[in-house]
Amino acid sequence: MESLNTILLSQTQPVLVKQSALRLIGVLLTCIENLHANTIVELMMQHDVFRSLVHVIVDPTTKTLALDAVILLTILGNYKKYESQNAYMAQIAGIRNAAILEVRCLSF
């Protein structure tokens, strides 16, 4: 997880590498039909990738990847949201400039 965070936050990594990192996270999150039975999601709840995903959304060089990052945040935010405290849901709710998420995703 730390390596994926490093790739997504890097200013020197090519967009293609960041796209591959996002796709790997997506595959890991959705590799099991029942999201709530996926132990890899538990790992992501412990190793926060929120800052990395938001960085991808707001970085102008990765605007083509913004929709993928928002989808991953949505998946992580909905993980066991009724059963326990979800750190991603709390961080999403704490975003002060929600217009950033709307504008980036609607600009496609």
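For the pair Leu43 and Lys80 in one chain, pulling the backbone fully straight at 0.36 nm per residue adds 12.0 nm over the alpha carbon distance. Contact order for the chain, expressed relative to its length and based on alpha carbon pairs under 8 Å spaced 6+ residues apart, stands at 25 percent. For Kirkwood radius over Cα pairs in Å, the choices are [x] 15.6; [y] 17.3; [z] 14.1; which was calculated from the structure? Label of the calculated value: [z]. Using the average count of surrounding beta-carbon atoms within 10 Å as a protection proxy, the listed peptides 51-60, 5-14 rank, highest first, as 51-60, 5-14. Here the dipole of segment 2-106 is about 240 debye; that uses its Cα centre as origin and unit charges on the Cβ of Lys and Arg (positive) and Asp and Glu (negative). Taking 0.36 nm per residue of separation and subtracting the Cα-Cα distance, full extension of the segment from Met1 to Asn34 would add 9.8 nm. Rounded to the nearest 500, the 222 nm mean residue ellipticity of the chain from helices alone is -19000 deg cm²/dmol, with -39,500 (n - 2.57) taken per DSSP H run of at least 4 residues.
Only the coordinates and a few stated rules stand behind these numbers; no lab work does. A quick note: this is a predicted structure, and the numbers were derived from the prediction, not measured. In this analysis, Cβ positions are derived from the backbone assuming ideal geometry, glycine residues included, and neighbour counts consider all displayed protein chains.
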